[in-house]
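Novice: This is the structure I want to talk about, given as structure tokens.
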């Protein structure tokens, strides 16, 4: 019997973004983050770290974001959640069922760039 995914667990709204080449008015090409898709999601903090590099304190947060399955989501994208930006470290299709994606994300050191 197929397991149903409860809609209530997706209680946040995120925007998946991808990099695109955008032509300026002067004919130059800029690389910019553009919205790919806005979806409902479950956001689950997993871990937070602080560390020193180059005599500066850096913090980093790892989390799992669950969304309904969408084709073409990959780890070169990023997630915008409110005013926060997360790099996607891995995209996991549990049991290859094409029902739900788990996006393993990191905020901090790279800030989704």
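What follows is calculated from the coordinates using simple rules that are stated; it is not laboratory data. Remember, predicted model here, so these are calculated numbers, not experimental data. Quick reminder, even Gly has a Cβ in these numbers, built from the backbone with ideal geometry, and neighbours come from all protein chains shown.
Novice: Could I have the simple spin-label model distance between residue 25 and residue 60, label points 7 Å from Cα toward Cβ, reported in nm to one decimal?
Specialist: Those two pseudo-labels are separated by 4.1 nm.
Novice: Residue 93 to residue 34: extension gain in nm, 0.36 nm per residue of separation minus the Cα-Cα distance? Intermediate results must be reported in sequence, preceding the final value.
Specialist: Values: separation 59, 0.36 × 59 = 21.24 nm, distance 2.38 nm.
Separation in residues times 0.36 nm, less the Cα-Cα distance, equals 18.9 nm.
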